[in-house]
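Visitor: Right, I'll just put the structure down here and ask away after.
The values are calculated or read from the model by the stated rules, or taken from the named source; none is laboratory data. Please read all numbers here as calculations on a predicted model, not as lab measurements. Don't worry about glycine lacking a Cβ; one is built from the backbone with ideal geometry, like all the others, and counts go over all protein chains shown. The protein model used for the area step is the full one, side chains on, heavy atoms only, and it has no ligands, DNA or RNA in it. Shrake-Rupley method; radii C 1.70, N 1.55, O 1.52, S 1.80 Å.
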Amino acid sequence: MVLVAVFGAALLIAVLLSGLAARTVLSTSFLFLVGGALVSDGFLGLIHITPESEIVAVTADLALFAVLFTDGMHVSFPKLRANWKNPARALGLGMPLAFVGMALVTHYLVGLDWTTSFLVGAVLAPTDPVFASAIVSRKEVPAKLRQLLNVESGINDGLALPVVLVLIAAAGPSSGHAEASFGKIGMELALGLAFGVLLPLLVNGLVRFRLLGAEPKLQPLLPLATGIILYAVCHLTHANPYLAAFSAGAVIVAVSPEAKTAFEPLGEALAELAKFAALLVFGALLTPQLFGDLSFGGYVAVFLAIVLIRPASLLLSLIGTRFDRREKLVAAWFGPKGFASVVYGLLLLQAGIPQGEQAFTLIAVCIAFSIIAHSSTDVPIARLFDVDDLAGIPDKEDDATVARQH
């Protein structure tokens, strides 16, 4: 119950300071991260959590599922069809460049073998808009930039997952049975996609029966019930829950926009709670010993991952686009590591890979510094876009889209 009390206290403080955080470099995400670290064994010793603790895997798993489920609901297929080129560049070129760049840095600076180094690159390749919320949610930021970061971060988790699983199979103790592992991974991904598409369609069909239907005050619970069932089914059948979550969210908004509208306030609140819980637990892992275990080369690799590898890879992918210089720099900077990297890092640690502990230490420190760097700079950078926030007036990109439609 100590952990519950600490979470309640941290949540109260975060809510009371959220107004200040929205105007300054103070970050609610940072508060939970620091709160978790303060009550851990490394400082006050109020809670005792290790990377092997079940609560770490459960909270990270739930948080990633919730965030991907709500992220999927932000995917607009009509808008995506009209403006797919920029996200495709970031995912098709920027992400592989970051993956390879991180693998090279890890191998040569940290000394991990090539398979584990590429595994670290795959784990740290996904980005998370949660820790740059001012950039992806504020109207003064150009719509095309917000869409790029939202779509990229929403899809790259699912793209990185198969690579992570394949590399874990290749690097793990049972690497001699890699072919069987690859087949199992493919089946899990296929099942996750199938459940993520079929379950929302089934629920939507039930709602349309004449004798069935939810009264207005209970309508927000329909997507919630769908998500809960989906999470349970995926874990019972070993289907991939993350691909299922994102695809289910996208299907719900496509077939039932009214369900998305009804669920959005509740869904965003639940995703925030899951995120804060995961940050508190993850912060408890950030002990002085963890930071002390990382070599000097590891710290150099973390620095390069945040300030060079991600920015350079995305800048290269955006060459020739209509983004101006400021927009390119902002997009390149905001590649924070988030819950996907936490979950994938835990998968790596629990797989029993020979250099797994070294790899996890590097990943955990990189995520911690990334959260601090990106969640504390999103508000000041969002303010650089001196655009009047006038309701009903689209930006240039929206004007161009409207013109093409007519």
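Visitor: Does region 256-266 hold any residues that are surrounded by fewer than 16 Cβ atoms within 10 Å (Cβ to Cβ) and either on the phi > 0 side of the Ramachandran plot or not polar (S, T, N, Q) (or both), and which are they?
Guide: Restricting attention to region 256-266, the residues satisfying the condition of being surrounded by fewer than 16 Cβ atoms within 10 Å (Cβ to Cβ) are 257-258, 261, 265-266.
The answer is Pro257, Glu258, Pro265, Leu266.
Visitor: Picking from Val75, Val67, which residue would you name as being surrounded by fewer than 24 Cβ atoms within 10 Å (Cβ to Cβ) and among the aliphatic types (A, V, I, L, M)? Please lay out each step first, then the result.
Guide: Values: Val67 fails: surrounded by fewer than 24 Cβ atoms within 10 Å (Cβ to Cβ).
Result: Val75 is the single residue among Val75, Val67 that is surrounded by fewer than 24 Cβ atoms within 10 Å (Cβ to Cβ) and among the aliphatic types (A, V, I, L, M).
Visitor: Please tell me if Phe334 is modelled with pLDDT of 80 or more and aromatic (Phe, Trp, Tyr). Break it down stepwise before answering.
Guide: Values: modelled with pLDDT of 80 or more: yes; aromatic (Phe, Trp, Tyr): yes.
Considered against the rule, which asks whether it is modelled with pLDDT of 80 or more and aromatic (Phe, Trp, Tyr), Phe334 comes out as yes.
Visitor: When you go through Val2, Val39 one by one, which is the residue that is in contact (Cβ under 8 Å) with a residue 40 or more places away in the chain, surrounded by 20 or more Cβ atoms within 10 Å (Cβ to Cβ) and aliphatic (A, V, I, L, M)? Show your work before the answer.
Guide: Details: Val2 fails: surrounded by 20 or more Cβ atoms within 10 Å (Cβ to Cβ).
Among Val2, Val39, only Val39 is in contact (Cβ under 8 Å) with a residue 40 or more places away in the chain, surrounded by 20 or more Cβ atoms within 10 Å (Cβ to Cβ) and aliphatic (A, V, I, L, M).
Visitor: Follow-up question, since we're still on this one. So which pairs qualify, if the first residue must be in region 242-253 and farther than 14 Å from Asp157 by Cβ, the second must be surrounded by fewer than 24 Cβ atoms within 10 Å (Cβ to Cβ) and aliphatic (A, V, I, L, M), the Cβ gap must be under 6 Å, and the two must be at least 6 apart or on different chains?
Guide: Val251/Val197; Ile252/Ala259
Visitor: Same structure again: List the pairs whose first member sits in region 305-329 and is part of a helix (DSSP H, G or I), whose second member is among the hydroxyl-bearing types (Ser, Thr, Tyr), and whose Cβ atoms are under 6 Å apart, counting only residues at least 6 apart or on separate chains?
Guide: These pairs meet every condition: Ile306/Ser370.
Visitor: Are any of the residues in region 274-292 in a helix (DSSP H, G or I), open to solvent by 50 Å² or more (accessible area, probe 1.4 Å) and in contact with a helix residue (DSSP H, G or I) (Cβ under 6 Å, 6 or more places away or on another chain)?
Guide: Going residue by residue through region 274-292, those that are in a helix (DSSP H, G or I) are 274-284, 288-292.
Then keep just the ones that are open to solvent by 50 Å² or more (accessible area, probe 1.4 Å); that gives 288-289, 291-292.
Still in the running and in contact with a helix residue (DSSP H, G or I) (Cβ under 6 Å, 6 or more places away or on another chain): none.
There is no residue in region 274-292 that is in a helix (DSSP H, G or I), open to solvent by 50 Å² or more (accessible area, probe 1.4 Å) and in contact with a helix residue (DSSP H, G or I) (Cβ under 6 Å, 6 or more places away or on another chain).
Visitor: Continuing with the same structure: So which of Leu222, Leu236, Leu212 ends up being in contact with a helix residue (DSSP H, G or I) (Cβ under 9 Å, 6 or more places away or on another chain) and free of Cβ contacts under 8 Å to residues at least 24 places away in the same chain?
Guide: Working: Leu222 fails: free of Cβ contacts under 8 Å to residues at least 24 places away in the same chain; Leu236 fails: in contact with a helix residue (DSSP H, G or I) (Cβ under 9 Å, 6 or more places away or on another chain).
Criteria check complete, one pass: Leu212.
Visitor: Read through the list (1) open to solvent by 60 Å² or more (accessible area, probe 1.4 Å); (2) at pLDDT below 85; (3) assigned to a helix (DSSP H, G or I), then give the number of the only condition that Tyr108 fails.
Guide: (2)
Visitor: When you scan region 233-251, how many residues do you find that are at pLDDT 90 or above, open to solvent by 10 Å² or more (accessible area, probe 1.4 Å) and aliphatic (A, V, I, L, M)?
Guide: Residues that pass the stated criteria total 3.
Visitor: Give just the number: which of (1) of a type in the set (Val, Ile, Thr); (2) open to solvent by less than 40 Å² (accessible area, probe 1.4 Å); (3) within 19 Å of the chain's Cα centre (by Cα); (4) at pLDDT below 90 does Ile381 not satisfy?
Guide: It is condition (3) that Ile381 fails.
Visitor: Anything in region 42-57 that is open to solvent by 60 Å² or more (accessible area, probe 1.4 Å) and assigned to a helix (DSSP H, G or I)? List them, or say none.
Guide: The answer is Glu54, Ile55.
Visitor: Please work out which one of (1) on the phi > 0 side of the Ramachandran plot; (2) small (Gly, Ala, Ser); (3) surrounded by 17 or more Cβ atoms within 10 Å (Cβ to Cβ) is the condition Gly213 fails and give its number.
Guide: (3)
Visitor: Going by what's in this entry, would Leu198 be described as assigned to a helix (DSSP H, G or I), open to solvent by 70 Å² or more (accessible area, probe 1.4 Å), more than 15 Å from Val255 (Cα to Cα) and out of contact with any Asp or Glu (no Cβ under 6 Å at 6 or more places or on another chain)?
Guide: No: the conditions fail for Leu198.
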